[in-house]
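The values are calculated or read from the model by the stated rules, or taken from the named source; none is laboratory data. Everything numeric in this text was worked out from a predicted model, so none of it was measured. Note that we place each Cβ from the backbone using ideal geometry, even for glycine, and neighbour counts take in every protein chain shown. The area values use the complete protein model at the heavy-atom level, side chains included, leaving out ligands, DNA and RNA. Shrake-Rupley method; radii C 1.70, N 1.55, O 1.52, S 1.80 Å.
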Amino acid sequence: MKKKFLLYTLLFTSLAIFNSCQDELELTSDSVITSDSFWKTEDDAKAGVNGMYVNFRIQTQQNYYLLGGARSAEITAGVQSPLTLANYYNNLLTPQNIDVDWAGLYTVIHSANLVLKYVPQITFSPTTVNEQKRYMAQAYSMRALCYFIMARSWGGVPIVTDPTENANQSQYIIPRNTIEETFAFIKKDIDAAIANFPDASNNKTQLSLPSIYALKADVNLWTAKQLGGGTTDLNTALTAIDAIGTPTLLPNFKDVFAYDKKANAEVVFAVRYSLADLPSNLADNWNQFMFVGPSDFAPLTSATATATFGTLGTGAGNAGISRVQPDITRFNFATTDSRKAATYLTLYNGAVPVVTGLVKYNGTVDGTLRRFVSDIIIYRWADILLMKAEIKNALGQDPSTEMNLVMKRADPSASFINDSPANNDNVILNERLKELAFEGKAWWDLVRFNKTSLVPSMTASKEVLFPISQNTINFNPKIVQNPLSK
């Protein structure tokens, strides 16, 4: 049985890696391991769900940050050539140069659709029937999460609910649904997930009842502020947060991201990275682009750089290291704020900054190599508390309790004083930008608050929605392009 599970895991992993390289919504047939020879046993169901999570992890290696954070003002050019990354922080994306697409997220959705189609047909034993329900709930949750990522980035997208099981691609040449239809579908999936979860247990690296309530709050906060959902959606979001349970803030901000403290009490849902899963230090997650490599600190010595950062990033020709770096001019951390040194460090030559490296997600040292295998956190308690503060403020309530919990954890001398809703919003957004820096939240936060003008490169002629790649439109001529920058 173990060999069978491993075989299926490898098959799904191979599919994930293959499909993640596609540039459009074009999913090849994999029926050879679906209805004919797969989806027969409980182990098949478990392997199928595992494949769904593998596919989603591929999206968090880079795409999740490119969509959720890279267009904000938190990054700038690194010591090396930023390659195409500069198009994001300079907001110069076009259908021709954009290299993040929705195809990878549709691969995850395809995995979820397979689970939703076939897992109900598998006979589970009376002692494991709750796992069948959990698999279904996780598939609904994952599908909702992927559509939410896409809707915030591109607006309305094609809603696909059937898995790809034949070579006839014409059934996927479909137009985009409206943004309203897309969010209605997301909310429907969230409700289905909640109805299917058999309990509130949470292992932190799989979607659970607490994490789907966090997603429900996030989605309804977005629709309240961006789609006219108003008080109704705000109250729905607030109720969802109150249903999450009792995560806690860690006393020390830096510990939230420590490699030896993964899945800690503050984490609600994170994508697991480990040394065992990814064999190459060049194949780890996004944060490899923002650390310091062995030639990034000239004219200083390696010993000076190591004294600041610890073991430096390595790779053939420094590949991937310091392509971009945190923009230290964009943050206003107080000197007493513990988050600054726990987020990034800057190497100085006297008073002149040489290079800044992200240390929030700096992974671990594997022998002589730094491996960027920190878990990618999707939801944690501080994020949710700040969402709650934002919701309460929009409802005309006092957000002081939630704001002070987050602010005082980082800086005991800090305090929040309730003010007008507009002024409170400014403080809440600023707090989110500092607390959640480089976690793939900053751009979407700026959009939700209607504050993208705070990004210097976002002039009046720039569009907030991402352009759809030309490859996607070439494959599916029914896709209508988003408005492009003038």
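Just a few scattered comments:
- Any chance Gly440 is on the phi > 0 side of the Ramachandran plot, surrounded by fewer than 21 Cβ atoms within 10 Å (Cβ to Cβ) and not hydroxyl-bearing (Ser, Thr, Tyr): no
- Applying the set (1) over 22 Å from Ser153 (Cα atoms); (2) modelled with pLDDT of 95 or more; (3) not hydrophobic (A, V, I, L, M, F, W, C) to Asp189 leaves exactly one unmet item: (1).
- For region 208-216, the count of residues that are touching a residue at least 40 places away in the same chain (Cβ under 8 Å) and open to solvent by 50 Å² or more (accessible area, probe 1.4 Å) is zero.
- Selection within region 120-174 - of a type in the set (D, E, K, R) and at pLDDT below 95: Asp162, Glu165
- The set of residues from region 235-249 being within 18 Å of Lys204 (Cα to Cα), without any contact (Cβ under 8 Å) to a residue 40 or more places away in the chain and hydroxyl-bearing (Ser, Thr, Tyr) comprises just one member, Thr246.
- Restricting region 315-330 to residues that are among the hydrophobic types (A, V, I, L, M, F, W, C) and at pLDDT below 85, the residue that is surrounded by the fewest Cβ atoms within 10 Å (Cβ to Cβ): Ala316
- Residue pairs whose Cβ atoms lie under 9 Å apart, separated by 6 or more positions or on different chains, with the first residue in region 290-301 and closer than 20 Å to Val365 by Cα and the second charged (D, E, K, R) and not in a loop (DSSP other than H, G, I, E, B), are Phe291/Arg370.
- Cross-chain or 6+ apart pairs with Cβ under 7 Å, region 377-388 first and closer than 14 Å to Thr246 by Cα, then open to solvent by less than 10 Å² (accessible area, probe 1.4 Å) and of a type in the set (Ser, Thr, Tyr): Tyr379/Ser211
- Exactly one residue out of Asp425, Asp419, Asp411 is surrounded by fewer than 22 Cβ atoms within 10 Å (Cβ to Cβ) and within 22 Å of Leu227 (Cα to Cα), and it is Asp425.
- Among the residues of this structure, Thr356 does not count as one that is closer than 24 Å to Gly69 by Cα, in contact with a Pro (Cβ under 7 Å, 6 or more places away or on another chain) and either assigned to a helix (DSSP H, G or I) or open to solvent by 10 Å² or more (accessible area, probe 1.4 Å) (or both).
- The single condition among (1) without any contact (Cβ under 8 Å) to a residue 60 or more places away in the chain; (2) closer than 21 Å to Ser374 by Cβ that Arg339 does not meet is (1).
- Candidate set: region 66-88, residues that are among the hydroxyl-bearing types (Ser, Thr, Tyr) and not in a strand (DSSP E or B); chosen: the one surrounded by the fewest Cβ atoms within 10 Å (Cβ to Cβ): Ser81
- For Ile473, the criteria (1) in contact with a Lys or Arg (Cβ under 9 Å, 6 or more places away or on another chain); (2) closer than 27 Å to Gly155 by Cβ hold in every case but one, which is (1).
- Filtered by the rule that a residue be modelled with pLDDT of 95 or more and open to solvent by less than 30 Å² (accessible area, probe 1.4 Å), region 248-283 gives Leu250, Phe253, Val256, Phe257, Ala258, Asn264, Glu266, Val267, Val268, Phe269, Ala270, Val271.
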